[in-house]
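Values quoted throughout were computed directly from the atomic coordinates according to the rules given, and no laboratory measurement underlies them. All values derive from a computational prediction rather than experimental measurement. A quick note on method: Cβ atoms are made from the backbone with ideal geometry, for glycine too, and the neighbour counts reach across all protein chains shown.
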Amino acid sequence: MEMDAEPWWKLFHRSRPVGFKKNAGRFSFFSADGYGWNGTPRHADLAVRELPIRDHDNHRLFEGDVVAGCWMGRQDTYLVLQDLKDNCFIGTTAGALQGVSVAEIRRDLFVQRNLGNIFVDAGLKADFDRSIRKLQTRGRHFVFDKIFMSATVSGTVLLVCSLQLHLLGAIGPLLTIIGLLSGVLIYLTARNQFAKNWMTRGAVFAITPVVSIAVGTILSLLFWWLIPSSVQDTRQPFWIAATLAATLFLLCFGCIPITAQLLGFHNLQPVHQDRT
């Protein structure tokens, strides 16, 4: 079961498979069925690269394929993935994700049917959302993003509060919330602009809890420290600060993934790209 020197590309147009492409040096060849090839380009808007593995019937598998079959004796539907280092993974709808070698997948995976590809089928992508998120965050903790995003959001809220005190003489909840949303928007927009393909849905979920806790804690502690001079009723400053921390946590926890979704960071792209 030998692999071609150059991997094939499966072509899709408007979410429908329209053929295959393979490269030979500077030249590209196209086929509708994988048998007859010519140099006439096929109209397509997405190309998905072949994985360095085959099923038991020597059928080609492509990045993001979902197959119905048997893996190590268990009948289920499986997602075949690949990371940036060309490592292969098998994912399930339950969220399990396992790294596999070429020899292992050839030996242990029996494919009965190819159900489609997550890059063109939104339903399949939703079914395997947990596995996809695990792949996108595998081995990465996003420490610097957690720190810098927490600092950006907290700094923006403090700036808005300072402006309110200077211009209005009081801090209003609506403008403070707008400040928090602005901080989230500023960071995500800047980070995506200067680090292409950094933000994925998995990365958003990875940093959201830590950033939410950090922002809520920082701002509530500052409020607790300043409360004698800024609030007349100081009989229960701890509970006021705790309520503020919980409110800020919930606001961040909700608005970070929603903002990323609106900015388009939720889109999942193939690891390997090619001109179609």
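Okay, here's what the table says:
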item	result
For region 143-262: span of alpha carbons on each principal axis (Å, largest first)	48, 28, 22
Two-site label geometry, I147 and A242: point separation in nm, points 7 Å out along Cα→Cβ	3.1
Reciprocal mean inverse distance between Cα atoms of the chain - Kirkwood radius, Å	21.8
Dipole in debye (nearest 20) - region 66-197, about Cα centre, beta carbon charges: Lys, Arg +1; Asp, Glu -1	180
Contour excess over end-to-end distance, with Cα ends at L165 and V102 and 0.36 nm allotted per residue	16.4 nm
Relative contact order computed over region 143-262 (Cα-Cα under 8 Å; 6+ residues apart), in percent	30
Over region 1-143, relative contact order from alpha-carbon pairs under 8 Å, at least 6 apart, %	18
Relative contact order (%) - the chain, alpha-carbon pairs under 8 angstrom, separation at least six	15
Region 45-133: C-alpha gyration tensor shape, a/c 1.5 cut-off, then a/b vs b/c	rounded
Spacing of the two label points (7 Å from each Cα toward its C-beta) at C70 and H272, in nm	3.0
Number of Lys pairs (Cα under 19 Å; 8 or more positions apart or on different chains) in the chain	8
